[in-house]
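Student: Before we start, here is the structure in question, set down as structure tokens.
What follows draws every value from the coordinates through simple rules; no lab data is involved. Note that the coordinates shown come from a computational prediction; the quantities given were computed from them, not determined experimentally. Every residue, glycine among them, receives a Cβ derived from its backbone with ideal geometry; neighbour counts consider all protein chains shown.
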Amino acid sequence: MSDVIEMHLKLLFDLDTLLADLEEPVYKKIGFKIGDTERMALLGRRSDLLKKLPREIAEVYEMLKKRYQQAIAPVENGFCFGCFQQLPTQLLTRSKEVTTCPNCGRILYWREK
Ligand SMILES: [Zn+2]
């Protein structure tokens, strides 16, 4: 996929991870609190990011997030690190198209070397 899309997807993923962490009982227990203003700011940032993505990718992302929490997965050594299945060779060439794992459906990205 294009670098810009990949960057936005990763930012979105980081933001969703942060938002999910804030809901964790362990965070609340140690007194880590986030105010409504901060939360609204984060959610605002989130919808901005979604708007920057092509619509169909934003939709796939949201659908995957409902299913798995983690909607994107890195590719390493030919494996999808979402479901740990080996990927078909033809998927291992990095392309401009958005690639999804044929097994779990997560959006695949390549880690920088
Ligand atoms: Zn997978």
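Student: For region 48-62 and region 72-100, what is the separation of their C-alpha centers, rounded to whole Å?
Tutor: 20 Å
Student: Under a Cβ-Cβ cut-off of 15 Å, what is the net charge of the residues other than residue 80 that fall near it, where Lys and Arg count +1 and Asp and Glu count -1? Present the calculation step by step, with values, prior to reporting the outcome.
Tutor: Details: positive: 67, 94, 106, 111; negative: 76.
Neighbourhood net charge equals +3.
Student: OK, next. Sum -39500 (n - 2.57) across every DSSP H segment of at least 4 residues in the chain, then divide by the residue count to get the 222 nm mean residue ellipticity, nearest 500. Working shown, then result.
Tutor: On the way: 4 runs with 57 residues, N = 113.
Theoretical 222 nm ellipticity from helices: -16500 deg cm²/dmol.
Student: Further, regarding this structure: If you only keep lysine pairs separated by 8 or more in sequence, or across chains, how many in region 3-110 come under 18 Å at the Cα atoms? Could the numbers behind the result be given before it?
Tutor: Numbers: 10/51; 10/52; 10/65; 10/66; 10/96; 51/65; 52/65; 52/96.
Pairs that pass both the separation and distance tests number 8.
Student: For residue 18, what charge total do you get from the other residues with a beta carbon under 12 Å from its beta carbon, if Lys and Arg give +1 and Asp and Glu give -1?
Tutor: Values: positive: 39, 45, 46; negative: 14, 16, 21, 23, 24, 38.
Net local charge, residue 18 excluded: -3.
Student: Please compute, over every Cα-Cα pair in the chain, the percentage with a separation greater than 22 angstrom. Walk me through the numbers on the way to the answer.
Tutor: Details: 2411 of 6328 pairs.
Tail of P(r) above 22 Å: 38 percent of Cα pairs.
Student: May I pose another question? How high is the FRET efficiency from residue 46 to residue 111, r the C-beta distance, R0 22 Å, rounded to 0.05? Walk me through the numbers on the way to the answer.
Tutor: Numbers: r = 23 Å, r/R0 = 1.05.
Plugging the Cβ-Cβ distance into 1/(1 + (r/R0)^6) gives 0.40.
Student: Under a 5 Å amide H to amide H cut-off, with H placed in plane at 1.01 Å, what residues pair with residue 109 once short-range neighbours are removed?
Tutor: It is 73, 75, by chain and number.
Student: Any chance you could give the angle, 0 to 90 degrees and rounded to 10, that helix 55-68 forms with the longest Cα principal axis of the chain?
Tutor: For 55-68 against the chain, the angle is about 70 degrees.
Student: Report, in debye and to the nearest 20, how large the dipole of the chain comes out about its Cα centre when Lys and Arg carry +1 and Asp and Glu carry -1 on their Cβ. Working shown, then result.
Tutor: On the way: 18 positive and 16 negative charges, 13 e Å.
Approximately 60 debye in magnitude.
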